[in-house]
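The structure appears right after this line, and notes come after that.
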Amino acid sequence: MSVVNADLATAQRLRLALVRITRSLRRFDGNLTQSQLAALATIADRGPLRLSEVAHYEHVAASVATRVVASLEELGLVSRTSDPADKRASLMSITRKGRDMVADLRNERTRTLEERLGQLTLDERRAIERALDALEKLGRSES
C-alpha cells in the first residue's frame with residue numbers, strides 16, 4: 001500500500017472512530033442541543049463574550065448565535081450585561097447554573113471515557129497515550 005493510500009485509510013479509520021466516540025458521549029447533553037452545548041462551553045471557556053464573538057467561535061451566522069444564546073439565557077445558563085466598552089453592545093456570561101452544567105457534563109463524559117479506557121489492554125491504553133500529542137495537534141489545527 002502506498003503512503004498516500006495508507007494516509008487515506010488512516011484518515012478514514014480515525015474519522016469513523018471519532019464520530020462513534022463523539023456520538024456515544026452526546027447522550028450526556030443535559031437536554032440541550034449540540035448548538036446550545038457548544039455555545040455554552042464557548043462562553044464558559046472564553047467569556048464574557050459579545051454575540052458576534054460567540055458567532056465567530058462557533059462558526060455560525062450572527063442570527064443563529066442570537067437565537068442559541070437567547071435560549072440559553074431563558075434557561076438561566078447565561079446572563080446578558082452591558083458591555084462597559086460599548087453601551088450599545090451586550091456581553092454574555094455564564095451563570096453559576098451554566099457553569100455547574102458544563103462541569104457536570106464534562107465530568108460525566110470524562111468518567112465514561114475513563115471506564116472505556118479501562119476495558120482496553122495496557123498496551124492499547126499506552127498506544128492511545130502515545131497518540132494524544134498528535135491528536136491534540138490535529139484538534140488545534142485549522143484548515
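FYI, it's all coordinate maths here, none of it is from the lab. As the structure is a computational prediction, the values presented were derived from the model and not from experiment. Cβ sites come from the backbone with ideal geometry, for glycine too, and all protein chains shown count toward neighbours.
The table below lists the values:
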{"quantity": "Cβ charges +1 (Lys, Arg) and -1 (Asp, Glu), total dipole of the range 3-140, debye", "calculated": "140"}
{"quantity": "Helix axis angle, 122-140 relative to the chain longest principal axis, alpha carbon, degrees", "calculated": "40"}
{"quantity": "Relative contact order of the range 61-103, defined on C-alpha pairs under 8 angstrom at six or more residues apart (%)", "calculated": "31"}
{"quantity": "Trypsin sites (Lys or Arg not before Pro) lying in DSSP loop within the range 1-60, provided at most 13 other Cβ fall within 10 Å", "calculated": "Arg26, Arg27"}
{"quantity": "Net +/- balance of residues flanking Arg15 in space, Cβ distance below 14 Å, scoring K and R +1, D and E -1", "calculated": "+2"}
{"quantity": "Inter-centroid distance (Cα atoms) of the range 11-66 relative to the range 112-130, Å", "calculated": "26"}
{"quantity": "Helical contribution to [θ] at 222 nm, DSSP H n ≥ 4, -39,500 (n - 2.57), averaged over the chain, rounded to 500", "calculated": "-23000 deg cm²/dmol"}
{"quantity": "Cα gyration tensor of the range 1-82 - equivalent ellipsoid semi-axes, whole Å, descending", "calculated": "34, 16, 9"}
{"quantity": "Peptides ranked, highest mean first, by Cβ atoms within 10 Å: ranges 77-89, 61-73", "calculated": "61-73, 77-89"}
{"quantity": "Stokes-Einstein diffusion coefficient of the range 3-140, Kirkwood radius over Cα pairs, 20 °C, 1.002 mPa s, in µm²/s", "calculated": "124"}
{"quantity": "Relative contact order (%) - criterion: Cα under 8 Å, at least six apart; region: the chain", "calculated": "21"}
